[in-house]
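Chemist: Take a look at the following structure, please.
The values are calculated or read from the model by the stated rules, or taken from the named source; none is laboratory data. All of these numbers come straight from a predicted model, not from anything done at the bench. Here Cβ is always computed from backbone atoms with ideal geometry, including for glycine, and neighbour counts include all displayed protein chains.
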Amino acid sequence: MCCGEYGNKRKIKLIKINIMKVIYVVTSGEYSDYGIDSMFDSKELAQSYIDSFKTNSYNEMRIEEFELNPFKNQIKKGCLPYFVRMSKNGACTEIHTKSSSYGFGNEPSFDVQKNMYHHVFAKDEKHAIKIVNEIRVQYIALNKWVD
């Protein structure tokens, strides 16, 4: 059998693997002095960059990891970022599109009036309310609601 025959008889299946891409951000400072010094595609390069400044102990540098395109799938599906506030009885007291520096899909939080609030991606307001309401039901069933 020659190479051409082997290649024609064998089918190769390509599988697309969605690998999370991470960027390594070197930062320094605190509060109003906080800033990004540089960004790298590997933790080793970021650490080498920090190591090159070891003689300067004035400004402590650290590596922070961030996922690239974290909401790619939601955005491709046409979803928007929503902030939803809901009472224990299921009444939606506040909803609007809003970005979140705390992230999406994390655990919900509670305000001083013991209302749950959460950041979610959804197709529209009705969908966002449905998502948060399902979380509300789970929290009540698991006795995790803050009273």
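Chemist: Do we find that Phe71 is of a type in the set (Phe, Trp, Tyr), under 25 Å from Ser100 (Cβ atoms), modelled with pLDDT under 85 and within 22 Å of the chain's Cα centre (by Cα) in this structure?
Modeler: When the stated conditions are applied, Phe71 passes them.
Chemist: Right, next: Go through segment 53-87 and report how many residues are exposed (fewer than 11 other Cβ atoms within 10 Å of the Cβ) and in a strand (DSSP E or B).
Modeler: 1
Chemist: Sticking with this one: Among the residues of segment 29-51, which ones are part of a helix (DSSP H, G or I) and either at pLDDT 95 or above or under 23 Å from the mean Cα position of the chain (by Cα) (or both)?
Modeler: Tyr31, Lys43, Glu44, Leu45, Ala46
Chemist: If you don't mind, there's one more thing I want to ask. Name the residue that is surrounded by the most Cβ atoms within 10 Å (Cβ to Cβ), counting only residues in segment 91-104 that are in a loop (DSSP other than H, G, I, E, B) and of a type outside the set (S, T, N, Q).
Modeler: Filtering first and then ranking leaves Phe104.
Results for (1) within 20 Å of the chain's Cα centre (by Cα); (2) more than 17 Å from Gln74 (Cβ to Cβ); (3) assigned to a strand (DSSP E or B), shown as yes or no for each residue.
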{"position": "Asn89", "(1), (2), (3)": "no, yes, no"}
{"position": "Asn106", "(1), (2), (3)": "yes, no, no"}
{"position": "Tyr117", "(1), (2), (3)": "yes, yes, yes"}
{"position": "Lys126", "(1), (2), (3)": "no, no, no"}
{"position": "Lys130", "(1), (2), (3)": "no, no, no"}
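Chemist: Just to be sure I understand the filter: pairs with C-beta atoms under 8 Å, separated by 6 or more residues or on different chains, first member in segment 37-48 and assigned by TED's automatic domain parsing to the domain that holds Thr27, second member part of a helix (DSSP H, G or I) and among the hydroxyl-bearing types (Ser, Thr, Tyr). Which pairs pass?
Modeler: Asp37/Tyr49; Ser38/Tyr49; Phe40/Tyr49
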